[in-house]
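Have a look at the structure below, then the notes.
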């Protein structure tokens, strides 16, 4: 009886009623079910049972769950029965009248007869298996007892639907949040306008207010954070800015790169440049975008990304083959090297040293020895 | 006669599975031939994976390197693909090492049979394996692959199976 699920008793789109019979009591295996006498209905897709006294109480089971069924003849004081053997409970089964049952079969006890015709029709349906040809709209069964109309999504479709809904929710929240922010931006613009106009008015009415006070006024504005964002505005935000920046970097980085053997990690560049600037620091994003423009601006620098994700700026004149050949020589000289030893040898940072060794390994010049002692590189003698 | 280890055995990177595809291929080939020659020398026909991990083949104490379990499995898989290894159980804990593949056995048997003029005679594989040729000592361990090997020698052999003796006629 634990295979049964609550249903609203309505037939689905492609489902048709085959036969129904009053006066049927359900048995869970050998025990009488804790339900009264009712009407049993056979459709093309399911076997349903509705309580005669309480029409709201309706349960069903898909015909696909039926393994086989047999007749049980009537006896003295016993009605004729049909025994229906069922497949094991489905994992994602909807709630039903029984949580669990030690029996894997049920019995339909026909108190008012009608079992012969019912058995015949059941045999027909089980042979034809019409539910396989015309699947009813998912899910079967719908609803939870008397409460109908709740679309319960089952399986992957349901999960996808839920994810879609969640995504829409998030989108809505984000756009709402940014609505406020855009309002804030507008206000800020207005504030800048206002302060500019005041500053101009002050300048016009030179006689009334001294320069001193104008400057003080401007400093108040600055402390509020509404100064003219000179750098961005002078050169414009976006590409123009990055182009100018890239040219500047080309000049700044030339010397340090040559010192360090033609290659520097992007993090090193970031630190170097910002330390030099002092004020008007660069954001990492701006730095990366500027570096990406090196090639198109025909500057003698290149941004390079290794397999491991490490980004470096290197001189265009920097030749990879030379580097690898020299790496191989170094390793062969010493027999074997770790990344740290190699870094010390060349005066490179450990990160770059490791990248070079990995590249040499990729080219097949080196092979690795990975043990508890650490990672060492040997010349590839294989 | 003590076993002569190949140069790779004393090369530490040999015990690390190489990420570079070409290097790895060469490494695995070297491992395969090492395992096979070791087994042939020690007359080992079956290997237990857990025991093998501790054996000298995969453990070089002198350079303090040993082949990891995953890498050993890779080597075994390589041997299996080449036809030199067969798993004896589903859990891959024991395997049959065939330092001579069944086809090679088949050829060898055929040669021996022809040489000894036993063509068209019926004989048992027991007789075969107890000949004076010590190379054939392995045959009794390879009953089944040998049936197939013989049978597949272009139909040069026919097999009749009576209980535990196998009679084979080689044409």
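Odds and ends about this structure:
- Shape of the range A:10-74, Cα gyration tensor, a/c cut at 1.5: oblate
- Prolate/oblate/rounded label for the range A:320-379 (Cα gyration tensor, a/c 1.5): rounded
- FRET efficiency, 1/(1 + (r/R0)^6) with R0 22 Å, evaluated for residue A:76 and residue A:116 via beta carbons: 0.70
- The alpha carbon centroids of the range B:64-104 and the range A:353-382 are separated by 27 Å.
- Pairwise FRET efficiency - residue B:5 versus residue A:276, Cβ, R0 = 60 Å, nearest 0.05: 0.55
- Here the range A:75-135 and the range A:247-325 have alpha carbon centers that stand 76 Å from each other.
- Ranked B:76, B:38, criterion: other C-beta atoms within 10 Å, fewest first: B:38, B:76
- Ranked for footprinting exposure by Cβ neighbours inside 10 Å, fewest first, A:85, A:318 give A:85, A:318.
- Counted residue by residue at 0.36 nm each, then reduced by the alpha carbon distance between them, the extension gain from residue A:296 to residue A:157 reaches 45.3 nm.
- Using every pair of distinct Cα positions in the range A:239-315, the Kirkwood expression returns a hydrodynamic radius of 12.3 angstrom.
- Extension reserve of the residue A:321-residue A:187 stretch, reckoned as 0.36 nm per residue once the Cα distance is removed: 42.5 nm
- The range A:5-130 shape via C-alpha gyration tensor axes, a/c threshold 1.5: rounded
- Cα-projected label distance for residue A:375 with residue B:64, points at 7 Å along beta-carbon direction, nm: 2.0 nm
- Counts of other chain beta carbons within 10 angstrom of each beta carbon in peptide B:60-69 average 1.
- Shielding of B:18-27 by partner chains, average beta-carbon count, 10 Å: 5
- Cβ-based exposure ranking for B:66, A:78, in which fewest neighbours within 10 Å come first: A:78, B:66
- Counting only other chain Cβ atoms within 10 Å of each residue's Cβ, the peptide B:3-12 averages 2.
Each value in this text was obtained by applying a stated rule to the coordinates, not by laboratory testing. Computed from a prediction, not measured in an experiment: that's the story for all the values here. No Cβ is skipped: glycine too gets one built from the backbone with ideal geometry, and neighbour counts run over all protein chains shown.
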